[in-house]
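The values are calculated or read from the model by the stated rules, or taken from the named source; none is laboratory data. Since we're looking at a predicted model, the values are computed, not measured. FYI the Cβ positions are ideal-geometry reconstructions off the backbone, even for glycines, and counts take in every protein chain you see.
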């Protein structure tokens, strides 16, 4: 390095050339100020690969790799396609996705009401109610499933028994049971995504709308709802995504009858138990793709709402 | 006082009423049912249910799994947050998205991927069989599947926390001659310890309660299943009191988790944490 | 100790913060880096401290090339604009930090550390505050603690980033005078960054005027006022 300034002094290296020279010298230079970059990033990538990326890659690779049972590429693909387009599988998609979507919509409505009441009103016990909203996050799904079954079961359930006797509604071991479990586990998502937005929603916007002569109902539809819509959609999609993959709480309350109350995760487990690994992997890939579609939707919603706000 | 933005009283009471009914029927009632069912046979019966052999082995395995998974995921979370918040490198946004994958996919996928690797017809199955190494339907498999589903918990909490704190104190420590180790333990760790604890208790609650992923990789052999699976086993065997006794333990765990979580959240909200003298 | 900067360039993404900057700071000098915000003066200070890595160029301390050295090897005292005090440590622990992290062989014992911290507390006129946390101090007090913390390691050069930026006018004046007196007593080579020309002219031996990543002019306060070499310096000093 010492030779460089002297070269400049002698006048036969211009300043820009010298910068170039220095750049070459700098190639070996450390690039980070704080310590630990290689150690922490190295471990992060190693652990991420070991626990998440390589296992997921193994799943995807399974649906295109010939095995003993399916020795050719086309045979593997053929088998995968047969499994994932089988009526039993398709029925389970409809069930998983349809019910999760309905549950997410229900949570959209009740989650909005809950978030609104928790943010806008003062009433005794509010803090406890607010804390309880997180319960489905903290509660193991098997405990939730067991508890919900005990409440909504038709024979001896604390509520389900009466619903059956009075109205003839059967809940446990039917789709209604699955729906209730999905509403339970998805509830916090909408509330927790809406709360910060409702807090930020400036009441002067509402006041302005009120001054302009719109009544409360118009204010709600024209002012409040449009400004919370991205958060509402995000919350609903999060609840939807969670519901699609749910397994633990549903096992208890549903009877898992093929073509009727059998959800996709259950079908995966059955394929594994039948040692049809390729078929299980195929269904796994279908679920992965659908999850990614939901993630992409959430990101798109957030992207568009942020660009609209900034423009 | 009636303001222009005040909702009509009817809407007010209706909203609060719906919230209360929803929370009571869907959240509070099921919780009470678990406690009631667990304890209705009396305390003596409750404890004998908990100390039954199957319950005890399940509790033991669950604790062993948490003891392995929580520290591993915590170490990962701290490393990932350090690298992401203190350095500029390309692919950072991608890395953050990859870390979140386990939150999006079904827990059953978390078990499936390891079954496809270590199972009898999986990638490594024949080799493992030949060397008599048991991963699937055993402790290592359960640990891996649990690590998968609880993977992002610590990192997700720490990244925004450390981003908000910035690097100024670390840089100051550096100019004062602290090496990397001193810098982390003396400057960074005290700032993020509550954030680490926060992530750890969430990770722990999920690790102990995980069902979907573990049900794929855990055997149906009785001494190879965790508490949530044992609850299902009891349920299928019609021994409901045992199921509820075990469930009440996990419920207690989730309530404790919730209380610590809320406590930490309030503490984080407090401006300028002042050390009590 | 003298500090030199040879042809240093630094970019942030597409933004060139420093363009081929060279500068020599003489031993015992108090030098001000003056310029509008975003002109690169803070970046230069951070490059000297080892908190930014230049894309090109060289930094020397007393003739020794320190470009490749990490900040913790340079022993440059740095006072941050926002002080960057350790929030969870008391005033005493903050000032003692640089001594406590020394390698075992060089580390003074607890009594020696206490004595040194005591001296520094006397120097910054904050005796009796050692048990306070930074959150319990006023802005001016925090600033002085940050200074004492930087001085505790007996730095070879003192670097101050907008040292009086966040203080109110009166405290500012007091601290300015205090810093000048301190410098006259110790003759510690010092650089400080400011956007306030009164501050630069009152305090510094020489002033370096920065704009758009380049040094516009270096000189004594009087020289700059009477003989600005370009339009920017003229306009900047007249405003």
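Just a few scattered comments:
- Test set (1) more than 10 Å from every other protein chain (Cβ to nearest Cβ); (2) under 30 Å from residue B:125 (Cα atoms); (3) at pLDDT 90 or above - residue B:221 fails condition number: (3)
- Test result for residue C:86, without any contact (Cβ under 8 Å) to a residue 40 or more places away in the chain and either assigned to a helix (DSSP H, G or I) or within 11 Å of another protein chain (Cβ to nearest Cβ) (or both): no
- Among residues that are modelled with pLDDT of 90 or more, surrounded by fewer than 20 Cβ atoms within 10 Å (Cβ to Cβ) and within 11 Å of chain B (Cβ to nearest Cβ), residue A:46 is included.
- Residue tally, condition assigned to a loop (DSSP other than H, G, I, E, B) and crowded, with 21+ Cβ neighbours inside 10 Å, over region A:100-152: 3
- Residue B:61 passes every criterion in (1) within 12 Å of chain A (Cβ to nearest Cβ); (2) assigned to a helix (DSSP H, G or I); (3) out of contact with any helix residue (DSSP H, G or I) (no Cβ under 7 Å at 6 or more places or on another chain) apart from (1).
- Taken together, the criteria exclude residue B:11 from residues that are in contact (Cβ under 8 Å) with a residue 24 or more places away in the chain, part of a helix (DSSP H, G or I) and farther than 30 Å from residue B:99 by Cβ.
- Residue C:118 meets each of the listed conditions (1) free of Cβ contacts under 8 Å to residues at least 24 places away in the same chain; (2) within 13 Å of chain B (Cβ to nearest Cβ) apart from (2).
- Any hit, region C:22-36, residues being modelled with pLDDT of 90 or more, outside any helix (DSSP H, G or I) and within 11 Å of chain A (Cβ to nearest Cβ): yes
- Selection status of residue B:150, under 17 Å from the mean Cα position of the chain (by Cα), within 11 Å of another protein chain (Cβ to nearest Cβ) and either without any contact (Cβ under 8 Å) to a residue 60 or more places away in the chain or within 27 Å of residue B:266 (Cβ to Cβ) (or both): yes
- Residue match in region B:96-105 (condition: surrounded by 21 or more Cβ atoms within 10 Å (Cβ to Cβ), under 27 Å from residue B:156 (Cα atoms) and more than 8 Å from chain A (Cβ to nearest Cβ)): no
- Of the residues B:199, B:195, B:177, the single one that is more than 11 Å from chain A (Cβ to nearest Cβ), touching a helix residue (DSSP H, G or I) at 6+ places or on another chain (Cβ under 9 Å) and at positive phi is B:177.
- Residue A:13 being more than 8 Å from chain B (Cβ to nearest Cβ), assigned to a helix (DSSP H, G or I), out of contact with any strand residue (DSSP E or B) (no Cβ under 7 Å at 6 or more places or on another chain) and at pLDDT below 90: no
- Residue match in region B:160-168 (condition: surrounded by fewer than 21 Cβ atoms within 10 Å (Cβ to Cβ), in contact (Cβ under 8 Å) with a residue 60 or more places away in the chain and within 10 Å of chain A (Cβ to nearest Cβ)): yes
- When we screen B:176, B:112, B:124, B:116 for residues that are without any contact (Cβ under 8 Å) to a residue 24 or more places away in the chain, over 18 Å from the mean Cα position of the chain (by Cα), in the same structural domain as residue B:208 (by TED's automatic domain parsing) and within 17 Å of residue B:212 (Cα to Cα), the only hit is B:116.
- Single match in A:132, A:148, A:182 (criterion: facing chain B (nearest Cβ under 7 Å), within 23 Å of residue A:236 (Cβ to Cβ) and touching a residue at least 40 places away in the same chain (Cβ under 8 Å)): A:148
- Qualifying residue in region A:240-259 (condition: in a helix (DSSP H, G or I) and surrounded by fewer than 17 Cβ atoms within 10 Å (Cβ to Cβ)): no
- Scope region A:58-95; condition more than 14 Å from residue A:271 (Cβ to Cβ), facing chain B (nearest Cβ under 9 Å) and at pLDDT 90 or above; matching residues: A:58, A:61
- Among the residues of region C:202-213, those identified as more than 19 Å from residue C:1 (Cα to Cα) and either in contact (Cβ under 8 Å) with a residue 40 or more places away in the chain or out of contact with any helix residue (DSSP H, G or I) (no Cβ under 9 Å at 6 or more places or on another chain) (or both) are C:203, C:209, C:210, C:211, C:212, C:213.
- Unique residue being in contact (Cβ under 8 Å) with a residue 60 or more places away in the chain and facing another protein chain (nearest Cβ under 8 Å) when the list is A:110, A:101, A:123: A:110
- Against the list (1) part of a strand (DSSP E or B); (2) within 15 Å of the chain's Cα centre (by Cα), the condition residue C:45 fails is (1).
- Residue in region C:91-115 that is surrounded by the fewest Cβ atoms within 10 Å (Cβ to Cβ), counting only those that are facing chain B (nearest Cβ under 8 Å) and not in a helix (DSSP H, G or I): C:102
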